[in-house]
Each structure stands twice: as structure tokens, then as C-alpha cells.
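For reference, the structure is listed below as C-alpha cells.
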Amino acid sequence: MPPPVFRFAPSPNGYLHLGHAYSALLNFDRARETGGRLLLRIEDIDATRCRPEFEAAIYQDLAWLGIAWEAPVRRQSAHLADYSAALEKLSALGLVYPSFESRAEIAKLVAAREADGPWPRDPDGAPLYPGNAKSLSAGQRAQLIDSGAPYALRLDMAAACRQVSGLTWNELGEGPDGEQGRVLARPEAWGDVILARKETPTSYHLSVVVDDALQGVTEIVRGQDLFHATSVHRLLQALLGLTEPIYRHHGLIRGTDGRKLSKSDRSTGLRELRTAGTSPAGVRTAVGLG
Ligand code: GLU
């Protein structure tokens with residue numbers, strides 16, 4: 001049997017905090033315990049929020065923690081052609097359509113629909129896409145695109161779920177409601193998710209499944225905040241014919257106020273802790289891995 005493959009996949013849009021340290025250390029420890037490989041992936045497709053100094057800090061902070069990863073590091077911004085190829089495959093299945101509403105227009109549409117009762121929200125609490133761009137004709141789409149209008153490319157969730165259904169995944173960790181073992185995927189809860197935008201030819205969901213498959217990742221260890229997104233990932237894997245990894249979602253490290261840590265909260269930043277004299281062993285203890 002080839003060794004298991006793990007990955008830690010941070011986005012360089014801020015400095016790492018204790019929550020990232022916990023996730024990275026869990027991956028590192030699992031890889032060591034199982035004789036597996038640990039990969040590092042930089043998820044930098046959002047050019048407006050990612051910065052080189054945050055990426056440099058990721059390497060420094062992980063090395064300071066004593067974590068070793070394989071070279072080369074995969075930087076998503078260098079692999080846009082891989083995501084475009086996957087998007088084309090989904091388009092060829094008839095599952096992708098452009099929508100043209102701005103964020104403000106979407107908010108207005110949701111408000112209008114809520115006049116008739118609550119409008120459904122995705123597991124992250126965002127309203128499902130309320131527009132009817134799916135019913136635009138090919139001519140209307142072409143005309144809007146040619147006019148230079150910004151657009152998002154969305155997955156036609158109903159059509160996708162007609163092509164593959166009954167998907168599950170193997171959960172070795174735990175979901176937010178204690179889900180374990182074989183979990184039934186519910187991608188329909190996310191509505192017509194965005195797969196790419198005019199100015200960015202991919203999205204988190206699309207690039208994460210493409211990369212996990214291309215890199216041969218076999219066990220995904222990540223925070224419970226991504227548990228429900230796994231439903232979308234399983235759907236995309238099935239549509240694209242990609243292999244199914246196993247998942248181990250872990251609990252989140254919370255601040256003293258009980259809230260999820262944020263990259264802007266200085267008190268739990270690895271750089272701040274290091275400057276204040278905390279050792280790598282102290283970080284392990286702080287996240288319960290000491
Ligand atoms: N890049 C994502 C984040 O920083 C993690 C992606 C994943 O582990 O699937 O939250």
C-alpha cells in the first residue's frame with residue numbers, strides 16, 4: 001500500500017493563529033504516526049486578499065512549530081489551467097451557467113423573496129442564489145458577456161444532483177452535530193454555488209477538489225467549519241471522476257469568548273505568541289496536543 005497523503009492548505013490572507021497551528025500539527029502528527037507524507041498547499045486564488053508577506057509568514061511559522069512538509073509547495077495561483085479544465089468538463093456536462101447580478105442586486109432579490117417568508121440559507125448562513133439566470137437564453141448570455149458585464153459561473157445544483165445522487169463520505173473525525181462514519185452528502189443545501197468568476201477562473205470548492213485529486217491526497221484533516229462544504233466537494237469529485245479521500249474534521253480552537261478565532265485577532269496569532277516568549281511546545285499545550 002502506498003503511504004497515506006495528508007495536506008495542510010492555508011490561504012495567505014492573514015497571519016496564522018492557534019487554530020491553524022492545531023490543524024497543521026494534527027496533519028503533521030497523523031503523517032508521522034502513519035508513515036505518511038505531508039504536503040503544503042497555498043490557497044492563493046483570491047488575488048485581492050492574498051499577500052506575499054502572509055505566504056512568507058506561513059513558511060516561517062510552520063517551520064518554527066517544527067513542522068516539515070514536502071517540496072515543492074503547490075501554489076494554486078500557478079495552476080489556473082487545471083481548474084479551467086475541470087470547469088470545462090462540468091460545462092460539457094451541461095451543469096454550468098453564468099449569473100450577472102451584483103452582490104447588492106442579490107441582496108435585494110433575497111429581501112424581495114423574504115417578503116413571502118424565509119428564504120433558504122446554506123450551511124454557512126448565506127442565502128441561496130435567488131436569481132433566475134439559469135433561464136436566460138444562450139443569446140442573452142452571449143450578449144451580456146460580450147457587453148463586458150461581470151459574471152459568476154454557477155453550478156446548476158438541481159441538474160448536478162440528477163446526474164449523481166446518494167453520495168456519502170467516510171468521516172473519521174466528527175461533524176458539528178456529532179456526525180461520524182458514513183455521512184450522507186447533502187450538496188443541495190448549498191444551492192447553485194459559484195465555481196468561478198469572470199476575473200478568477202476558479203473558486204475554493206473547485207480548486208480544492210482538483211488539487212486534492214492531483215496531489216493524491218488520501219486523508220483530509222481540517223476544521224469542522226468545512227464539514228458541510230464536504231457535501232459540495234463529494235459532488236464535484238463524483239462529477240469530475242476524481243477519487244474519494246477520507247475526511248477527518250476536527251473541532252475548532254475557540255477564543256475566550258467562545259468564538260471561532262480570526263486572523264485579525266492578535267492575541268492568538270503565532271507571531272505574537274512567539275514574540276511574547278511562547279515556545280513551540282507551549283503552542284502544542286495551548287491547543288491540547290502537549
Ligand atoms: N484554504 C482553506 C482555509 O484556509 C482550507 C481548505 C481546506 O482545508 O479544505 O480555510
*Report yes if PRO187 is touching a Leu at 6+ places or on another chain (Cβ under 9 Å), more than 22 Å from LEU26 (Cα to Cα) and at pLDDT below 95, otherwise no.*
no
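Restrict the check to the range 47-69 and report whether at least one residue is of a type in the set (S, T, N, Q), touching a Ser or Thr at 6+ places or on another chain (Cβ under 6 Å) and over 25 Å from THR256 (Cβ atoms). Step through it out loud before you land on a result.
Narrowing the range 47-69 to residues of a type in the set (S, T, N, Q): 48, 60.
From what is left, the residues that are touching a Ser or Thr at 6+ places or on another chain (Cβ under 6 Å) are none.
Scanning the range 47-69, I find no residue that is of a type in the set (S, T, N, Q), touching a Ser or Thr at 6+ places or on another chain (Cβ under 6 Å) and over 25 Å from THR256 (Cβ atoms), so the answer is no.
Looking at the range 199-230 only, could you name the residues that are of a type in the set (D, E, K, R) and at pLDDT 95 or above?
ASP211, ASP212, GLU219, ARG222, ASP225
I need the full set of residues from the range 58-77 which are of a type in the set (Phe, Trp, Tyr) and outside any loop (DSSP other than H, G, I, E, B), in order please.
Hits for the range 58-77 are TYR59, TRP64.
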*With GLY94, GLY125, GLY166 as the choices, which residue is under 26 Å from the mean Cα position of the chain (by Cα) and touching a residue at least 24 places away in the same chain (Cβ under 8 Å)?*
GLY94
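Kindly indicate whether GLU188 is assigned to a helix (DSSP H, G or I) and of a type in the set (Asp, Glu). Step through it out loud before you land on a result.
Details: assigned to a helix (DSSP H, G or I): yes; of a type in the set (Asp, Glu): yes.
Yes.
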*asked:* Being in contact (Cβ under 8 Å) with a residue 40 or more places away in the chain and either of a type outside the set (A, V, I, L, M, F, W, C) or closer than 20 Å to VAL208 by Cβ (or both) is the requirement here; does LEU26 meet it?
replied: yes
*If you scan the range 210-249, which residues turn out to be within 17 Å of PHE28 (Cα to Cα) and surrounded by fewer than 18 Cβ atoms within 10 Å (Cβ to Cβ)?*
GLN215, GLY216, ILE246
*For the range 70-85, enumerate the residues that are touching a residue at least 60 places away in the same chain (Cβ under 8 Å) and hydroxyl-bearing (Ser, Thr, Tyr).*
TYR83, SER84
*Report, by residue number, each residue of the range 255-290 that is loosely packed, with under 10 Cβ neighbours inside 10 Å, free of Cβ contacts under 8 Å to residues at least 60 places away in the same chain, among the hydroxyl-bearing types (Ser, Thr, Tyr) and not in a helix (DSSP H, G or I).*
THR256
*Can you tell me which residues in the range 1-57 are assigned to a loop (DSSP other than H, G, I, E, B) and among the aromatic types (Phe, Trp, Tyr)?*
TYR15
*Do the conditions hold for SER207, that is, is it within 15 Å of the ligand (Cβ to nearest atom), of a type in the set (S, T, N, Q) and out of contact with any Lys or Arg (no Cβ under 8 Å at 6 or more places or on another chain)?*
yes
*Would you check which residues across the range 219-238 are among the hydrophobic types (A, V, I, L, M, F, W, C), touching a residue at least 24 places away in the same chain (Cβ under 8 Å) and either assigned to a helix (DSSP H, G or I) or more than 11 Å from the ligand (Cβ to nearest atom) (or both) and list them?*
ALA229, VAL232, LEU235, LEU236, ALA238
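Counting only residues that are charged (D, E, K, R) and either touching a Gly at 6+ places or on another chain (Cβ under 6 Å) or outside any loop (DSSP other than H, G, I, E, B) (or both), how many does the range 196-218 have?
So in the range 196-218, the residues charged (D, E, K, R) come out as 197-199, 211-212.
Checking which are either touching a Gly at 6+ places or on another chain (Cβ under 6 Å) or outside any loop (DSSP other than H, G, I, E, B) (or both) leaves us with 197, 211-212.
Residues flagged as charged (D, E, K, R) and either touching a Gly at 6+ places or on another chain (Cβ under 6 Å) or outside any loop (DSSP other than H, G, I, E, B) (or both) within the range 196-218 amount to 3.
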*Verdict on ILE58 being under 22 Å from GLY251 (Cα atoms), touching a residue at least 40 places away in the same chain (Cβ under 8 Å) and in contact with a helix residue (DSSP H, G or I) (Cβ under 9 Å, 6 or more places away or on another chain)*: yes
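The values are calculated or read from the model by the stated rules, or taken from the named source; none is laboratory data. Note that the structure is predicted; figures quoted are calculated from it, not measured. Positions of Cβ are backbone-derived with ideal geometry, glycine not excepted, and every protein chain shown enters the neighbour counts.
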